[in-house]
Structures are given as structure tokens and as C-alpha cells.
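What follows is a single structure, written as C-alpha cells, with notes after it.
The values are calculated or read from the model by the stated rules, or taken from the named source; none is laboratory data. Quantities reported herein were computed from a predicted structural model and do not represent experimental measurements. Note that we place each Cβ from the backbone using ideal geometry, even for glycine, and neighbour counts take in every protein chain shown.
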Amino acid sequence: MTNLAIQNTAKQALAIPTKDLPREDWLRLRQSGIGGSDISAIMGFNPYKTAYDLYHDKINDVVADAQSDAAYWGTILEDVVAKEYALRNDCKVQKVNYMIRHPEFDFALANIDRAVINPNISGNVRIKEGKLTTDKLLEVKTASEYMKSVWGDEESDQVPDNYNLQCQWYMGITGVAECDLALLLGGNKYRQYNIKFDSELFEIMIDEAQNFWVNHVLARVEPTPTTLANAKAKYSKELPESTLDLHFNDDDNIAIIDRYIELKDTEEQVKADLEVAQTDLINLIGFNEALAVDGELVLTYKSQKGRETFDKKGCLKAYPELAERFAEFTKTGEVSRTLRVKS
């Protein structure tokens, strides 16, 4: 199914079956709107992706299907954690094999992990007039033990911002007022959180998503880069012999220049101060390989194996006949731009 066909299908239905949908078609379907993992990038709360990155994901003809090890195991363990949630809460949970579209805002998509069955509402969860026949969703997450500091007390709503926004997005689209989040931490610790729907926040999210979808994706206008990597990607090449000549009274843009120069000066001073502090510290530790305070290890100063390097120039001088072979295996990196302050 082509990208255009999938987008047309998305506009014709409030719920699109995904159970037997090939993965490539499912990924294409995700390109037809804003999903739960997308909204945090638009809002600036996604630690892995920016609005600029998301824009290129949405307009790219080649669907990105790369999956990290963490994401892979998160998918594998999703069913295990969902079953543990059902066991601990004495309830039934159900997969909803549909991509659900908001009845008013066709760019807003939800692909929920599970719905919690409420027998007082319905014996199974169905989609009725764009809403789910339940009052609670379940989102499943796995996280490294190193990430435990970003999670709050169990049974609270203190979850990472990107996950809170994901839950709010799904609740707003499906018409459900509550979402539990089941977390497997470090592979062996179960935690559970409860998030209530915030209608005011959802309105803000819809406004931001609509602006992104209409004024950027549909209009094919890149968002302003918000990270150094994005800025370098967008402006990877310069126009030959070109100069942006600002007026001295252009206060806002002159302030950008001044701030950069000031921070560069600060960076040089910090480097100098750090070198002095490091010198004092090495003089303190002397020939010892570790330093402790009241028996508690603070730092180590150990020898490391020297870095091995290849003397290409010396090798070619000794064996000039290898020059052509070296040229065959020599690769040149991509051209990059360097920012320099002129005195």
C-alpha cells in the first residue's frame, strides 16, 4: 500500500484495523498523523527526538524501521508486563488492534498498548463513535535501572514528561478519563502509576500538534532547529562568497552573537581553571592509584594502555609500492562547517 493510499484510508475511517497490517504499511500509517510518541517531540519533551527530526520522519518517502535494543525488548516484554498488571489488579486487559483517529482532528492518532475492561460498561472493549467502551487505558513501559531517578513514587502520576504526554494524547483521542502505566524497571522491579486526563493540557497539545501538522508537514516547511545537530544538518553547506550583514542596532541578533562570544570566553577560562585544579589533585594523590575520604572511594588515577596508531607516512616511505592500495581503502569524511570568531 502506498503512502498516499494509507493517508487516504486514514481520512476515511475513525479506526483502522492493524492486526494483519504488514509492518511497512503500519509505519506508513503512522506517517499519516501525530501519534503518542510524536506529541512529546512537538512539545519539546522528548529526550530522543526533536520536532525537526519528527518532521523529516513524516515527510520521508523511505520509512525508518530501525529499532534500538531497548525498544526491541520493550516490545517483547510488553505482553508479560500487561499480564502482570492484570494479575496484580485482578482485572482483564485487552489489545485494541486499531489505529484510532480523533473524530474532529484527523491528524491525531492513537495506537494504545491495552485497554482495561470494565464489565459495568462492556464485557469487551470496542470502538463506538470514535470512543472506547471503557474508562481506563493501560500503557506498558520498560526502563533501565539507571533511569529510576526520573520515575516518582509508585501509584503517583510522577512519570517522565514524554510518557505523561503520550497518555494524555491517547486519553484525549479515545475519550477515556484515566490511564494506568505499568513499568518494569531494571528487568525485575514492577511499578505502577495512575494518570488522570487533563483537558486543558490536551487542548494545548492539540493546538501545538495542529500547528506542526498544518504549517510544517502539510506545508513542507521545516521547523526551526532546536539542537546543534539539527542546525548543522539543516545548514550543512554555505553559499559561496555570502555574508549576512547585520545592522548594529539589530539588538536581538546582536545579542545572539554576544552570548556566543561570552560563552566561548567562559569556556576558555573554565578549561584553564580545570587544568589548575587537575594539577593540584594529581599532586595530592601522588603515586597512589586511588583516593578515598573516610574509607569511601572518591576517584582513581590509574595507568591506561597507550593508544595504538598507524604511521601511514612512514609505511609508504618504506613500502612505496603500497601507495595505490592505500588509496583504494582511503575514505574521506563528509565536509563540515566550522564556526570561528574573528577578532
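Say whether the condition of being closer than 29 Å to Ala229 by Cβ and either modelled with pLDDT under 90 or in contact with a Pro (Cβ under 7 Å, 6 or more places away or on another chain) (or both) is met by at least one residue in segment 295-308.
Taking every residue of segment 295-308 in turn, at least one turns out to be closer than 29 Å to Ala229 by Cβ and either modelled with pLDDT under 90 or in contact with a Pro (Cβ under 7 Å, 6 or more places away or on another chain) (or both).
Determine, yes or no, whether Lys342 is exposed (fewer than 10 other Cβ atoms within 10 Å of the Cβ), modelled with pLDDT under 90, closer than 30 Å to Thr243 by Cβ and not polar (S, T, N, Q).
Numbers: exposed (fewer than 10 other Cβ atoms within 10 Å of the Cβ): yes; modelled with pLDDT under 90: yes; closer than 30 Å to Thr243 by Cβ: yes; not polar (S, T, N, Q): yes.
Yes, satisfied.
For Asp252, are the conditions met, namely being surrounded by fewer than 10 Cβ atoms within 10 Å (Cβ to Cβ), farther than 25 Å from Thr300 by Cα, at pLDDT 90 or above and not small (Gly, Ala, Ser)? Let's see the steps before the verdict.
Working: surrounded by fewer than 10 Cβ atoms within 10 Å (Cβ to Cβ): yes; farther than 25 Å from Thr300 by Cα: yes; at pLDDT 90 or above: yes; not small (Gly, Ala, Ser): yes.
Criteria met by Asp252.
Specify the residue that is nearest to Phe105 (Cα to Cα); the eligible residues are those in segment 185-204 that are aliphatic (A, V, I, L, M) and not in a strand (DSSP E or B). Walk me through it before giving the result.
Residues of segment 185-204 that are aliphatic (A, V, I, L, M), as a first pass: 185, 195, 201, 204.
Within this subset, residues satisfying the condition of being not in a strand (DSSP E or B) are 201, 204.
Working: Leu201: 16, Ile204: 13 Å.
Looking at residues that are aliphatic (A, V, I, L, M) and not in a strand (DSSP E or B), I get Ile204.
So is Leu201 under 17 Å from the mean Cα position of the chain (by Cα), touching a residue at least 24 places away in the same chain (Cβ under 8 Å) and over 21 Å from Val93 (Cα atoms) or not? Steps first, answer last, please.
Working: under 17 Å from the mean Cα position of the chain (by Cα): no; touching a residue at least 24 places away in the same chain (Cβ under 8 Å): yes; over 21 Å from Val93 (Cα atoms): yes.
No: the conditions fail for Leu201.
Checking the conditions here, which among Asp38, Asp113 is under 19 Å from Ala177 (Cα atoms), buried (at least 19 other Cβ atoms within 10 Å of the Cβ) and of a type in the set (Asp, Glu)? Talk me through it step by step, then tell me what you get.
Values: Asp38 fails: under 19 Å from Ala177 (Cα atoms).
Going through Asp38, Asp113 in turn, the sole match is Asp113.
Would you confirm, using the coordinates I've provided, whether Tyr72 is aromatic (Phe, Trp, Tyr) and modelled with pLDDT of 90 or more? Don't jump to the end; show me each part of the working.
On the way: aromatic (Phe, Trp, Tyr): yes; modelled with pLDDT of 90 or more: no.
So Tyr72 does not fit the description; no.
Kindly list, by first and then second residue, each pair from a residue in segment 98-126 that is free of Cβ contacts under 8 Å to residues at least 40 places away in the same chain to a residue that is basic (Lys, Arg) and surrounded by 16 or more Cβ atoms within 10 Å (Cβ to Cβ), limited to pairs with Cβ atoms under 7 Å and residues at least 6 apart or on different chains.
Pairs found: Asn118/Lys136.
Taking segment 167-184 as the region of interest, how many residues are outside any loop (DSSP other than H, G, I, E, B) and touching a Ser or Thr at 6+ places or on another chain (Cβ under 8 Å)? Working first, answer last.
Going through segment 167-184, the residues outside any loop (DSSP other than H, G, I, E, B) turn out to be 167-174, 178-184.
Checking which are touching a Ser or Thr at 6+ places or on another chain (Cβ under 8 Å) leaves us with 172, 183-184.
Result for segment 167-184: 3.
Answer yes or no: is there a residue in segment 283-296 that is in contact with a strand residue (DSSP E or B) (Cβ under 7 Å, 6 or more places away or on another chain) and either assigned to a helix (DSSP H, G or I) or β-branched (Val, Ile, Thr) (or both).
At the first step, the residues of segment 283-296 found to be in contact with a strand residue (DSSP E or B) (Cβ under 7 Å, 6 or more places away or on another chain) are 285, 289-292.
Checking which are either assigned to a helix (DSSP H, G or I) or β-branched (Val, Ile, Thr) (or both) leaves us with 285.
Yes, segment 283-296 contains a residue that is in contact with a strand residue (DSSP E or B) (Cβ under 7 Å, 6 or more places away or on another chain) and either assigned to a helix (DSSP H, G or I) or β-branched (Val, Ile, Thr) (or both).
Being at pLDDT 90 or above, of a type in the set (Ser, Thr, Tyr), farther than 27 Å from Lys19 by Cα and surrounded by 19 or more Cβ atoms within 10 Å (Cβ to Cβ): is that true of Tyr52 here? Quick ask: steps written out before the conclusion?
Numbers: at pLDDT 90 or above: yes; of a type in the set (Ser, Thr, Tyr): yes; farther than 27 Å from Lys19 by Cα: yes; surrounded by 19 or more Cβ atoms within 10 Å (Cβ to Cβ): yes.
Taking the combined requirement at face value, the residue satisfies it.
Write out, first by first residue and then by second, each pair whose Cβ atoms fall under 8 Å of each other, whose residues are 6+ apart or on separate chains, and whose first residue, in segment 257-276, is more than 24 Å from Asp245 (Cβ to Cβ) while the second is in a helix (DSSP H, G or I).
none
Let me confirm something: among Val159, Val140, Val125, Val176, which residue is modelled with pLDDT under 90, under 24 Å from Asp90 (Cα atoms) and among the hydrophobic types (A, V, I, L, M, F, W, C)?
Working: Val159 fails: modelled with pLDDT under 90; Val140 fails: modelled with pLDDT under 90; Val176 fails: modelled with pLDDT under 90.
The conditions single out Val125.
Among Asn230, Asn188, Asn164, which is the only one that is at negative phi and at pLDDT 95 or above? Steps first, please.
On the way: Asn230 fails: at pLDDT 95 or above; Asn188 fails: at pLDDT 95 or above.
The unique qualifying residue is Asn164.
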